[in-house]
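Undergrad: If you scroll down you'll find the structure; I have some questions about it.
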Amino acid sequence: WAQGFGKDFIPPLTKSPRVHEMELHSMGMASALVAHGPHGHVEGADERARAVLAGMTLHEKVAILSGAGMWENGGVPRLGVEPLRVTDGPHGARGLSLRGDDGALLAPCETALGATFDVRLVEEVGEVLGAECRRRGADVLLGPCLNLQRFPNTGRHFECFSEDPFLSGSMGAAYVRGVQRHAVACAKHFACNDQETDRGTQNSVVDERTLHEVYLAPFEAAVVDGQVGAVMCGYNRLNGAYCTENEWLLEGVLRRQWGFRGIVMSDWFGNISTEKSLVAGLNLEMPGIEPRHFGGYLTEAVRRGAVPEEVIDLRCLPVLRLMLRERSAPPALESETLRRAAARSCVLMRNEGALPLVALRGARVAVLGPNAASTVLQGGGSSRVHPRAAPSLLQALQQELGRRGAEVAHLQGCSWEHLALREQGLELAGLYSMGGSSASGQPAKCSLPGIAARFSDCALRLGAWITGSECFRRLLMPLLRRCGWRLTTYEEAMARPQRSGGQREPRRPASDEPLLAAAEAEARVADVCILVVGTHGFWEMEGVDQPHLRLLGRQDELVARVGAAARGPVVVVLNVGSPKHLPWLGCVDAVLLAHFGGQEAASAVTSVLLGEVNPSGRLPTTWPRSLSDVPAKAAAARREGLPRPGDVPYDEGLWVGHRGLSPSVSPYFHFGHGLSYTRFVSSPLEARQTKRCSELGGPHVEVRLVVKNMGERAGSQIVQIYTEVLSGHSATHLAPRSLRGFQRTAELGPGCEQHVQINLGPRGLGAWYDITSSSWQRPAPGWCIRIAVADSAAVDQVLSRADLVLE
């Protein structure tokens, strides 16, 4: 974008919701745009920061580059500069503790937000979360997560927007813009931190073109479009260098290419060096608890001449800009935005006429499955908050179906399975306790997670007080260093036993046969069966990848048996944060994906089931039938020989997710799939080149079409634009068919239509990153571009297309 090509830009709330192009003709313009984000006006912010910096001692400078506890850096009390305080996100703002304050707002998970394909709504959600961040006393919200869903079984799948870089970047930039109306957003985890297995030591091996066109693209959107104020490094290594020490990544790409002016911070205990990480571009090491590498170690490095004080000053300026920003009082919070987000995220995956549920007076409705009474609101790990108690889907259905004169019967059907406790290390146990919430994500004040969270908070405060002293650092740390407590190299990390971040064997539940038999018997007499099945927050969580893609326990068997025995329609509600195997798909009449929908999940899903809201979500990731069908897995299977220990080769290159799905593979559902209670038709698209390849910022193409609601219910359609280069380019420029534009229409009543316009810039028309010149190269005249409007990424779901030869 900063190379003068323009990009597909999603406008803020104050502008038209259509997707259009924003041209950035120079690096200077990119820097100017960034300056009006959380940093304020560049000149004014820089002047204030430099004035304060000039009066600071070396000790005070190092203090603002170092954590001072778990959730803040060291302020400058002598000069009246408050510490910069941070809180975990991205689905809420937990507050300044592991447990968090009571009653936190809880938004739908990022995957659910990605399923809305609604940049305006995601920006509104971001604004709510930014205000919540300020209300809880923090300046920085640690989110969004902009890693891609490279595998469907990663532990933090729910915490990412999509497998697609364009959708992830569009959603991420909108989220950032919303948050930064009140606080500072922190894009994470930079970069290629795409799995939990060995996340602290694994080396992501990715070629430079793939990095720029796929894995760095969402972060670039957050920087250039969202003007994000902070970026968090991943734990992993990237092409041999830890992300906190990767000068090419932090200085070369982030600052010089994209014009980033914010701060770069480490993930918690993710920094492993002093001089190397500071020179590479790290501004803030977190937390301020040993083992650490800034603080007194950095002061010593300056005094012995290993680090020039000029570098310290350079790293302090961005931090001071954020610390000196005005802290306004947050506005009143509204949960209606979160309810709309939860409802619009619901994806109707299958419907054989069973939904919506109507004419229910006198009907017997069986609500079955373990997730009915224990509806899961959030995944596990650092994204957890301590929310207000929210109703389960069973409670919401009982209330609404009762009003309609229906009788509701509930049976659990079977139990969840859990990760084996004996295999959980200290880190994973700590991640369990975050938010002090139950497996379903509900507040659990007297539970083991709640008690553990309070104990951990006390221990961390004590640890910060003890280890923050110079006596501890000078006298005890040399001894603890010999015990491997303060790692500085990859070899040291590999020599230490890994305590978490792997795939764990599950702990199976006791025999569920009586529960299954009772559910099967109920299905024979019920008029309608609603099966609410899925996973939970102690299964899909940070720190551990999922051992398999099955529904937990005997839920697959439960669905199959109920589907075979039922005398009426069977509706399955999937309460999950990632794709699952669906061996029973042909045995049921409807499948609704509800995700981890946050505090408003039950109300939102109920409104969709009963037809009060027309489902309009689309899948932000492919649902494969087998892990072997996933492009990353398929590429690894084709590799000759084993990679070096610790290496994770990204052999699929540009062909990640739906972009690399083999034509011979038929997934359960394609990326972009989603049904509706109404029917839409689209006019043939019209594509017109509005800027030539030789013009500054060119080429540009304008795509127009008309969407009309031909059904009997109001609804919203998602227009998806896919492009591919057919001819004119060389084999080295080859790229997959890709999503390059999308737009959610307004809510269209029966017979109503909307004119849609989507503009495609150079990247949407085949621009590629040239590794020899380290720059973006624009498409050339004579290239033939195929532009298609489709209902999903499936090649047989194309509604209309046009082949355009660029001029």
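Undergrad: So which residues in the stretch 189-214 are touching a helix residue (DSSP H, G or I) at 6+ places or on another chain (Cβ under 7 Å) and either at pLDDT below 95 or more than 16 Å from Asp545 (Cα to Cα) (or both), if there are any at all?
TA: Phe190, Ala191, Gly200, Thr201, Val206, Val214
Undergrad: Tell me the residue from Arg177, Arg181 that is more than 13 Å from the chain's Cα centre (by Cα) and in a loop (DSSP other than H, G, I, E, B), please.
TA: Just a single option satisfies the conditions, and that option is Arg181.
Undergrad: Taking the stretch 99-134, which residues are open to solvent by 10 Å² or more (accessible area, probe 1.4 Å), within 22 Å of Pro443 (Cα to Cα) and assigned to a loop (DSSP other than H, G, I, E, B)?
TA: Within the stretch 99-134, Arg99, Asp101, Asp102, Gly103 qualify.
Undergrad: Which of the residues belonging to the stretch 75-88 are crowded, with 23+ Cβ neighbours inside 10 Å and touching a residue at least 60 places away in the same chain (Cβ under 8 Å)?
TA: Hits for the stretch 75-88 are Leu84, Val86, Asp88.
Undergrad: I'd like the full set of residues that are crowded, with 17+ Cβ neighbours inside 10 Å and among the charged types (D, E, K, R), limited to the stretch 634-661.
TA: Asp651, Glu652, Arg659
Undergrad: Of all residues in the stretch 726-745 being closer than 30 Å to Gly711 by Cα and in contact (Cβ under 8 Å) with a residue 40 or more places away in the chain, which is most open to solvent (accessible area, probe 1.4 Å)?
TA: Here the answer is Arg740.
Undergrad: Now, a different point. Any residue in the stretch 335-362 that is under 11 Å from Ala604 (Cβ atoms) sitting within a Cβ distance under 9 Å of a residue that is open to solvent by 60 Å² or more (accessible area, probe 1.4 Å)? List the pairs, counting only those 6 or more apart or interchain.
TA: Sorted first by the residue in the stretch 335-362, then by its partner, the pairs are Ala343/Glu612.
Undergrad: What residue, among those in the stretch 41-74 that are part of a helix (DSSP H, G or I) and open to solvent by less than 10 Å² (accessible area, probe 1.4 Å), is modelled with the lowest pLDDT?
TA: Ranking the candidates gives Ala45 first.
Undergrad: Return the residues of the stretch 784-804 that are without any contact (Cβ under 8 Å) to a residue 60 or more places away in the chain and under 22 Å from Pro699 (Cβ atoms); say none if nothing qualifies.
TA: Matches in the stretch 784-804: Cys784 only.
Undergrad: A further question follows. Based on what the data block shows, is Gly741 in contact with a Gly (Cβ under 7 Å, 6 or more places away or on another chain), part of a strand (DSSP E or B) and closer than 22 Å to Arg120 by Cα?
TA: Considered against the rule, which asks whether it is in contact with a Gly (Cβ under 7 Å, 6 or more places away or on another chain), part of a strand (DSSP E or B) and closer than 22 Å to Arg120 by Cα, Gly741 comes out as yes.
Undergrad: In the stretch 357-395, how many are of a type in the set (Gly, Ala, Ser), over 20 Å from Gly553 (Cα atoms) and outside any loop (DSSP other than H, G, I, E, B)?
TA: Residues that pass the stated criteria total 1.
Undergrad: Right, another one. For the stretch 22-34, does any single residue satisfy the condition of being crowded, with 17+ Cβ neighbours inside 10 Å, closer than 17 Å to Gly226 by Cα, at pLDDT below 95 and β-branched (Val, Ile, Thr)?
TA: Checked against the condition, which is being crowded, with 17+ Cβ neighbours inside 10 Å, closer than 17 Å to Gly226 by Cα, at pLDDT below 95 and β-branched (Val, Ile, Thr), the stretch 22-34 yields at least one hit.
Undergrad: Give me the pairs, please: first residue somewhere in the stretch 649-673 and more than 17 Å from Asp796 (Cβ to Cβ), second residue anywhere and among the acidic types (Asp, Glu) and open to solvent by 30 Å² or more (accessible area, probe 1.4 Å), beta-carbon distance under 8 Å, and either six or more positions apart or on two chains.
TA: Tyr650/Asp207; Gly653/Asp207
Undergrad: Further question on the same structure: Quick one: which of Ala185, Ala191, Ala174 is of a type outside the set (Phe, Trp, Tyr) and in contact with a Cys (Cβ under 7 Å, 6 or more places away or on another chain)?
TA: Every option except Ala191 fails the conditions.
Undergrad: Does Val319 satisfy the criteria of being among the aliphatic types (A, V, I, L, M) and not in a strand (DSSP E or B)?
TA: So Val319 passes the test.
Undergrad: Filter the stretch 334-359 for residues that are open to solvent by 10 Å² or more (accessible area, probe 1.4 Å) and either among the charged types (D, E, K, R) or in contact with a Lys or Arg (Cβ under 7 Å, 6 or more places away or on another chain) (or both) and give the result.
TA: Answer for the stretch 334-359, where residues must be open to solvent by 10 Å² or more (accessible area, probe 1.4 Å) and either among the charged types (D, E, K, R) or in contact with a Lys or Arg (Cβ under 7 Å, 6 or more places away or on another chain) (or both): Glu334, Glu336, Arg339, Arg340, Arg344, Arg350, Glu352.
Undergrad: Another one. Scanning for something free of Cβ contacts under 8 Å to residues at least 40 places away in the same chain, assigned to a loop (DSSP other than H, G, I, E, B), touching a helix residue (DSSP H, G or I) at 6+ places or on another chain (Cβ under 6 Å) and open to solvent by less than 30 Å² (accessible area, probe 1.4 Å), does the stretch 567-588 turn up at least one residue?
TA: Yes, the stretch 567-588 contains a residue that is free of Cβ contacts under 8 Å to residues at least 40 places away in the same chain, assigned to a loop (DSSP other than H, G, I, E, B), touching a helix residue (DSSP H, G or I) at 6+ places or on another chain (Cβ under 6 Å) and open to solvent by less than 30 Å² (accessible area, probe 1.4 Å).
Undergrad: In the stretch 242-286, how many residues are without any contact (Cβ under 8 Å) to a residue 12 or more places away in the chain and touching a strand residue (DSSP E or B) at 6+ places or on another chain (Cβ under 9 Å)?
TA: The number of residues fulfilling the criteria is 1.
Undergrad: Further question on the same structure: Name, by its number, the condition in (1) in contact with a Lys or Arg (Cβ under 9 Å, 6 or more places away or on another chain); (2) assigned to a loop (DSSP other than H, G, I, E, B); (3) at pLDDT below 95 that does not hold for Gly751.
TA: (3)
Undergrad: Identify the single condition in (1) farther than 24 Å from His386 by Cα; (2) hydroxyl-bearing (Ser, Thr, Tyr); (3) open to solvent by less than 10 Å² (accessible area, probe 1.4 Å) that Tyr175 does not satisfy, given that it satisfies every other one.
TA: (1)
Undergrad: Among the listed residues Glu427, Glu407, identify the single one that is closer than 27 Å to Ser578 by Cα, among the acidic types (Asp, Glu) and surrounded by fewer than 20 Cβ atoms within 10 Å (Cβ to Cβ).
TA: Glu427
Undergrad: Out of everything in the stretch 681-700 that is in contact (Cβ under 8 Å) with a residue 60 or more places away in the chain and closer than 15 Å to Gln797 by Cβ, what residue ends up being least open to solvent (accessible area, probe 1.4 Å)?
TA: Per the stated criteria, the residue is Leu685.
Undergrad: Then there is this: For Arg550, state whether it is in contact with an Asp or Glu (Cβ under 7 Å, 6 or more places away or on another chain), over 30 Å from Asn239 (Cβ atoms), open to solvent by 10 Å² or more (accessible area, probe 1.4 Å) and not in a loop (DSSP other than H, G, I, E, B).
TA: No: the conditions fail for Arg550.
Undergrad: Kindly list the number of the only condition in (1) part of a helix (DSSP H, G or I); (2) open to solvent by 40 Å² or more (accessible area, probe 1.4 Å); (3) modelled with pLDDT of 95 or more; (4) of a type in the set (Lys, Arg) that fails for Arg625.
TA: (1)
Undergrad: I'd like the full set of residues that are without any contact (Cβ under 8 Å) to a residue 60 or more places away in the chain and open to solvent by less than 70 Å² (accessible area, probe 1.4 Å), limited to the stretch 363-400.
TA: Once the filter is applied, which keeps residues that are without any contact (Cβ under 8 Å) to a residue 60 or more places away in the chain and open to solvent by less than 70 Å² (accessible area, probe 1.4 Å), the stretch 363-400 yields only Ala373.
Undergrad: Looking only at the stretch 754-778, which residues are assigned to a strand (DSSP E or B) and in contact with a Phe, Trp or Tyr (Cβ under 8 Å, 6 or more places away or on another chain)?
TA: Ile758, Trp768, Tyr769, Asp770, Ser775, Trp776, Gln777
The values are calculated or read from the model by the stated rules, or taken from the named source; none is laboratory data. Being a predicted model, the structure only gives us computed values, none of them experimental. Cβ: placed from backbone, ideal geometry, glycine included. Neighbour counts: every protein chain shown. Each accessible area value is taken on the protein alone, full model and side chains, heavy atoms only, with ligands, DNA and RNA left out. Shrake-Rupley method; radii C 1.70, N 1.55, O 1.52, S 1.80 Å.
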